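So the structure is just underneath, and the comments pick up after that.
Bear in mind these aren't lab numbers, they're just calculated from the coordinates by the rules spelled out. All of these numbers come straight from a predicted model, not from anything done at the bench. With ideal geometry, Cβ positions are generated from the backbone for all residues, glycine too; neighbour counts draw on all protein chains shown.
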Amino acid sequence: MSEWLVLTLAMVAACAVVLVITVLKQRRIGDDDDPSQTPDVIEYMTMMIGVVYAIVLGLAIAGVWEARGAAQDGVRREAQALYEVSARAQAYPPQVRDRIRRDVDAYVGYVVHKEWPIMAAEDRLSDRGAELLGRVRRDVIAYKPADDHESQSYQPIVDQVAVADDARNARGQSVGATMPGVVWFGLIAGALVTVGLIFTLQIRRSPRELLLAGLFSALIAFLLFLIWDFDAPFERGINAASTPFIDLFPGL
């Protein structure tokens with residue numbers, strides 16, 4: 001099911017529930033009911049709960065957005081490190097240089113075309129990817145520089161392999177959802193309480209009040225969807241894509 005369809009259904013459902021309950025509740029209220037008699041304390045509590053829940057939503061959105069940004073930065077760092085390994089291997093003899101570049105290309109190609117779908121479907125990195133990166137590390141470490149020029153290139157290449165390995169580990173830690181289940185429980189429960197407090201204000205069936213109630217519930221549904229969409233950096237919506245690998249290794 002398309003994520004846009006999920007968003008549309010969620011917002012429509014939230015509006016429909018609020019509007020139906022409001023209409024049914026209004027039918028049960030007598031003609032002598034006075035909506036101006038809502039106690040001030042209820043209005044104050046409704047306002048305070050709405051403010052607190054807005055802060056919680058803002059923190060949740062900031063948290064998942066930061067996690068997504070960190071995941072994308074890790075992907076960019078991994079791709080850049082591998083590109084540096086491939087570029088700096090120019091200082092080595094053709095046979096060694098071609099072997100290093102061939103293994104780097106094999107690793108990058110596997111990450112883009114094979115490992116990315118595995119991360120999205122199974123929330124994990126593959127053993128094959130670790131094996132291919134280990135092969136690059138062995139290629140770099142096993143070579144013994146023959147002169148000063150090669151010696152000056154050796155340690156930087158080793159360091160870049162270590163950076164790529166660290167970035168890969170960070171990518172593995174970013175796979176899957178980042179929001180704990182207890183936080184989701186709080187967000188959903190808070191949404192129900194916040195929307196439910198609308199009915200304590202004795203909303204009438206006027207078009208203006210119904211429109212505002214519907215828009216408010218739809219906004220809550222949209223923000224919850226936004227958090228859910230950003231929650232898994234490599235799976236849904238605006239995800240951490242493999243674009244840095246493709247940009248730096250266009251031959252793939």
Calculate, for PHE222 and ALA146, the FRET efficiency according to 1/(1 + (r/R0)^6) with r their C-beta to C-beta distance and R0 45 Å; round to the nearest 0.05. 0.10
Sorting VAL193, THR178, GLN160 by the position of each Cα along the dipole of region 121-201 (Lys, Arg +1; Asp, Glu -1; all at Cβ), the one nearest the positive end of that ordering is VAL193
Relative packing of 94-100, 173-179, which averages over residues the other C-beta atoms within 10 Å, highest first: 173-179, 94-100
Using a Debye calculation, one point per C-alpha and no hydration shell, please list log10 I(q)/I(0) for region 64-183 at q = 0.15, 0.16, 0.18, 0.20 Å⁻¹ in order. -0.68, -0.75, -0.89, -1.04
Would you work out the relative contact order for region 89-204, in percent, from Cα pairs under 8 angstrom that are 6 or more residues apart? 27
Checking the a/c ratio against 1.5 first, then a/b against b/c, what shape does the Cα gyration tensor give for region 128-252? prolate
Roughly speaking, what is the stretch gain from LEU5 to ILE61, that is 0.36 nm per residue apart minus the C-alpha to C-alpha distance, in nm to one decimal? 18.1 nm
In sequence order, what are the phi-derived ³J(HN,Hα) couplings for region 65-79 according to the Karplus relation 6.51 cos²θ - 1.76 cosθ + 1.60 with θ = phi - 60°, rounded to whole Hz, with x for glycine and proline? 5, 5, 5, 5, x, 5, 5, 5, 5, x, 5, 5, 5, 5, 5
With R₀ set to 45 angstrom, the calculated FRET efficiency between the beta-carbons of MET47 and LYS114, to the nearest 0.05, is 0.30
